[in-house]
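A quick write-up on the structure given underneath.
The values are calculated or read from the model by the stated rules, or taken from the named source; none is laboratory data. In this text, all values refer to a predicted model and were calculated from it rather than measured experimentally. For neighbour counting, all protein chains shown are included, and Cβ atoms are generated from backbone atoms with ideal geometry for every residue, glycine included.
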Amino acid sequence: MTDHDFNRRIDAIWRIESARVIATLARMLRDVGLAEDLAQDALVAALETWPRDGIPDNPGAWLTTTARRRAIDRLRHGQMAQQKHLQVALELEDAQAERRSVEEDALDDPVGDDLLRLMFVACHPVLSPEARVALTLRLLGGLTTGEIARAFLAREATIAQRIVRAKRTLAESGVQFELPREAELHARLGSVLEVIYLVFNEGYAATAGDDLLRPALCEEALRLGRILVGLVPAEDEAHGLVALMEIQASRTHARVDADGHPVLLQDQDRGRWDRLLVGRGLEALARARRIAAARGFEPGPYTLQAEIAACHARAARAEDTDWRAIAALYAGLARAMPSPVVELNRAVAITMADGAAAGLAHLEAHVDATALRDYHLLPAVRGDLLARLGRHAEAREAFEHAASLARNGRERALLHERAAQSGASA
C-alpha cells in the first residue's frame with residue numbers, strides 16, 4: 001500500500017469515527033472544544049503510529065482510548081478540584097473500557113446517546129444557522145476547515161473564525177452536553193433537521209460558484225440524516241427529511257448535462273434517476289407516515305415535501321406527473337409552514353395543473369414579492385409563466401432580472417439563455 005493509499009484509508013477512518021470519539025470525550029469533559037482538540041491529538045498520534053505498527057482492528061476504540069489518556073495527562077497537570085474529579089472519572093472509565101468485552105459493549109453502549117447529544121449541541125439555537133452548519137460538519141462530519149470552506153466557497157479563515165466563535169458561544173452560554181428533556185426535544189429537533197437540510201440544499205443547488213451541484217455535501221447530509229433516524233427512530237419528521245433527501249438525491253446524475261449545464265425537471269432523463277435511492281426514500285416516507293398516524297399527528301413539513309418529491313419519482317414520464325396532487329400537497333405545506341417560497345412553488349404546480357394564467361394569478365395574489373426581492377427564482381418563475389402566455393417581451397425582462405440576481409454561474413447562464421429565447425420570440 002502506498003503512502004497516499006494509507007493516508008486515504010486513515011482519512012476515511014477519521015470521517016467515520018471522529019464524531020464518536022468527540023462525542024464520548026465531550027460527555028466526560030463537558031467541553032466540546034476540548035473534546036475536539038483531544039480527538040485531533042489522537043489523530044496525530046495515529047498518523048505517527050499506524051504507518052509503523054499497522055491500523056488496529058478497532059481503530060475507533062484506539063482513537064478514543066488515546067484521546068481519553070491524553071485528557072487524563074492534561075488534567076493531571078491541573079490544580080482545580082473539578083479537574084481532579086474529571087481525572088478520576090476518566091481513569092475509572094478507561095479501566096472499565098479495558099475490562100469490558102465486545103458483547104458487554106453492545107449491551108451497554110453510550111455512544112448512540114453521545115452522538116445525539118453532540119448533534120443537539122452543534123445545532124443549538126443559540127448559534128446562528130451558518131455557525132451550526134460549520135460546527136456540525138466539523139464535529140459530526142469530520143471535515144476539515146478547508147473542506148468546509150471549499151464546499152461553501154468561503155475563505156478558510158472565515159470558516160475557522162465561525163467555528164471558534166461557535167465554540168466560544170456554547171461555552172459562554174453555558175450550553176450543557178446533554179439531551180433536552182423530552183418536552184423540549186421535539187422542538188429542539190427542528191434545529192437539527194434544519195441544519196442537515198441546509199447542508200443538503202447547498203449540495204443540491206449551490207447558491208454560488210460555477211457548479212450547480214456539490215455532491216459531497218448531499219452525501220454528508222444524507223449520512224447525518226441516516227445517523228439521526230437511527231438515534232430518534234420514533235420521530236416522524238426525521239424520517240420525512242431522510243425520505244426527502246433520498247428522493248431528491250436520486251436525480252443527481254440527471255440534473256446536469258455532459259457539460260455541467262442544468263437540466264430542468266421536465267426535461268430530465270428519468271432512466272438516469274437512481275432507483276435504489278428512490279426506493280429507500282419511499283420506504284422512509286412510509287415510516288414517517290406510519291409514525292405520524294400512530295401519534296395522531298398531521299404530516300410535518302419535511303414529510304409533505306417528501307410526498308411531493310415522491311409524486312415526481314412515481315411518474316415514469318414527466319407528462320404522467322400528478323400535478324393536482326402536488327398542488328394540493330403544496331396547499332397543505334403552506335398551512336403547515338407558511339412561506340413565500342412555498343407559495344411560489346405552489347404557483348408552479350397550479351400552472352402545470354390548470355394553466356399558466358391560473359399560476360400567474362396565484363403568484364401575483366399570494367407571493368410576497370418584497371420578501372423575495374433578492375430571490376432569483378421569483379422572476380425566473382414569473383418569466384416562465386409570461387413566456388407560456390406569449391408575453392415574450394415581459395418574459396425577457398423577468399429572465400434578465402433573474403439572471404442579475406443569480407449567484408450560481410450555471411443558473412445565470414441558463415437564465416440569460418431563456419431571456420435571449422424570449423427576446424427572439426417577442
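Just to check your reading of the model, which residue among R407, R391 is farther than 29 Å from R335 by Cα and touching a residue at least 60 places away in the same chain (Cβ under 8 Å)? Spell out how you get there, then give the answer.
Details: R391 fails: touching a residue at least 60 places away in the same chain (Cβ under 8 Å).
Among R407, R391, only R407 is farther than 29 Å from R335 by Cα and touching a residue at least 60 places away in the same chain (Cβ under 8 Å).
Only one residue in L414, L360, L344, L389 is at pLDDT 95 or above and under 26 Å from R270 (Cα atoms), so which one is that?
Details: L414 fails: at pLDDT 95 or above; L360 fails: under 26 Å from R270 (Cα atoms); L389 fails: under 26 Å from R270 (Cα atoms).
Only one candidate qualifies: L344.
Checking the structure you have, find out if any residue of segment 357-379 is closer than 30 Å to D259 by Cα, assigned to a helix (DSSP H, G or I) and in contact with a Gly (Cβ under 7 Å, 6 or more places away or on another chain).
Scanning segment 357-379 turns up no residue that is closer than 30 Å to D259 by Cα, assigned to a helix (DSSP H, G or I) and in contact with a Gly (Cβ under 7 Å, 6 or more places away or on another chain).
Give the residues of segment 21-49 that are modelled with pLDDT under 90 and not hydrophobic (A, V, I, L, M, F, W, C), sorted by residue number.
T24, R27, R30, D31, G33
If I filter segment 229-260 down to residues being under 21 Å from R317 (Cα atoms) and over 17 Å from the mean Cα position of the chain (by Cα), which single residue comes out as surrounded by the most Cβ atoms within 10 Å (Cβ to Cβ)?
It comes out as R255.
Would you be able to tell me the number of residues in segment 139-155 that are outside any helix (DSSP H, G or I) and either over 13 Å from W14 (Cβ atoms) or basic (K, R) (or both)?
Residues that pass the stated criteria total 4.
Could you tell me which residue of segment 379-404 is farthest from I350 (Cα to Cα), considering only residues that are of a type in the set (A, V, I, L, M, F, W, C) and surrounded by fewer than 18 Cβ atoms within 10 Å (Cβ to Cβ)? Working first, answer last.
Our first condition is that a residue be of a type in the set (A, V, I, L, M, F, W, C); within segment 379-404, this holds for 380-381, 385-387, 389, 393, 395, 398-399, 402-403.
Restricting the remaining residues to those that are surrounded by fewer than 18 Cβ atoms within 10 Å (Cβ to Cβ) gives 389, 393.
On the way: L389: 14, A393: 23 Å.
Among residues in segment 379-404 that are of a type in the set (A, V, I, L, M, F, W, C) and surrounded by fewer than 18 Cβ atoms within 10 Å (Cβ to Cβ), the one farthest from I350 (Cα to Cα) is A393.
Just need a number here: residues in segment 327-353 that are without any contact (Cβ under 8 Å) to a residue 12 or more places away in the chain and either in a helix (DSSP H, G or I) or more than 23 Å from the chain's Cα centre (by Cα) (or both). Outline the logic, then answer.
Residues of segment 327-353 that are without any contact (Cβ under 8 Å) to a residue 12 or more places away in the chain, as a first pass: 328, 335, 338-339.
Right, trim to either in a helix (DSSP H, G or I) or more than 23 Å from the chain's Cα centre (by Cα) (or both) and you get 328, 335.
Residues in segment 327-353 being without any contact (Cβ under 8 Å) to a residue 12 or more places away in the chain and either in a helix (DSSP H, G or I) or more than 23 Å from the chain's Cα centre (by Cα) (or both): 2 in total.
Output the number of residues of segment 229-286 satisfying the condition of being of a type outside the set (V, I, T) and not in a helix (DSSP H, G or I).
So in segment 229-286, the residues of a type outside the set (V, I, T) come out as 230-231, 233-241, 243-246, 248-251, 253-255, 257-262, 264-277, 279-286.
With not in a helix (DSSP H, G or I) added as a condition, the list becomes 233-235, 250-251, 255, 257-262, 264, 268-269, 273-274.
Looking only at that region, the number is 17.
Does any residue in segment 146-161 that is in contact (Cβ under 8 Å) with a residue 24 or more places away in the chain come within less than 9 Å, Cβ to Cβ, of a residue that is among the basic types (K, R) and outside any loop (DSSP other than H, G, I, E, B) six or more places away or on a different chain, and which pairs are these?
I159/R138
Please work out if I22 is touching a Pro at 6+ places or on another chain (Cβ under 6 Å) and crowded, with 16+ Cβ neighbours inside 10 Å.
On the way: touching a Pro at 6+ places or on another chain (Cβ under 6 Å): no; crowded, with 16+ Cβ neighbours inside 10 Å: yes.
The answer is no for I22.
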